[in-house]
Amino acid sequence: MLILRGAPALSEFRLKKLQQRIVEHTGRSVTLYAEYLHFADIEQTLDEAQRTVLDRILRYGPHLPEHAPEGALILVVPRPGTISPWSSKASDI
């Protein structure tokens, strides 16, 4: 399974709004960050040309500065077996 980082999942405005709601409900100050992760179920190692194509397909939205997120990871994924219109189209390609 190849795991690739994507674009930020929430705007700065949405992050601040969510942080305020957490503070209101818990009384604790937190720092939040959200980004998309892409999981590619590959059968063999990609060569350089294939990896370039995959990187190009998944390049969208604002670019991330390189950093390693710290703290607790909360991973939100669709239910097993869920097929989105995007993934079904990608399978056709």
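The values are calculated or read from the model by the stated rules, or taken from the named source; none is laboratory data. Given the structure is predicted, the values throughout are model-derived calculations rather than measurements. Here the Cβ is made from the backbone with ideal geometry for all residues, glycine too, and neighbour counts use every protein chain on show. Heads up: the accessible areas ignore ligands, DNA and RNA and are worked out on the full protein's heavy atoms, side chains in. Shrake-Rupley method; radii C 1.70, N 1.55, O 1.52, S 1.80 Å.
Computed quantities for the displayed model
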| quantity | calculated |
| --- | --- |
| Shape category assigned to segment 1-54 from the gyration tensor of Cα positions, a/c cut at 1.5 | prolate |
| Cα long-axis angle, helix 12-26 against the chain (0 to 90 degrees, to the nearest 10) | 50 degrees |
| Kirkwood Rh in Å, taken over the chain so that all alpha-carbon pairs contribute | 16.0 Å |
| Lys, Arg +1 and Asp, Glu -1 on Cβ, resulting dipole of segment 1-55 about Cα centre, debye, nearest 20 | 600 debye |
| Mean Cα-pair separation over length for the chain, i.e. relative contact order, pairs under 8 Å, 6 or more apart, % | 35 percent |
| Helical mean residue ellipticity (222 nm; -39500 (n - 2.57) per DSSP H run of 4+; nearest 500) of the chain | -10500 deg cm²/dmol |
| Difference of contour (0.36 nm per residue) and Cα-Cα distance, Y33 to I57 | 6.3 nm |
| DSSP loop GluC sites (Glu not before Pro) with at most 13 other Cβ within 10 Å excluded, longest remaining stretch of the chain | 1-42 |
| Within the accessible area of the chain (1.4 Å probe), percent carbon and sulfur | 56 percent |
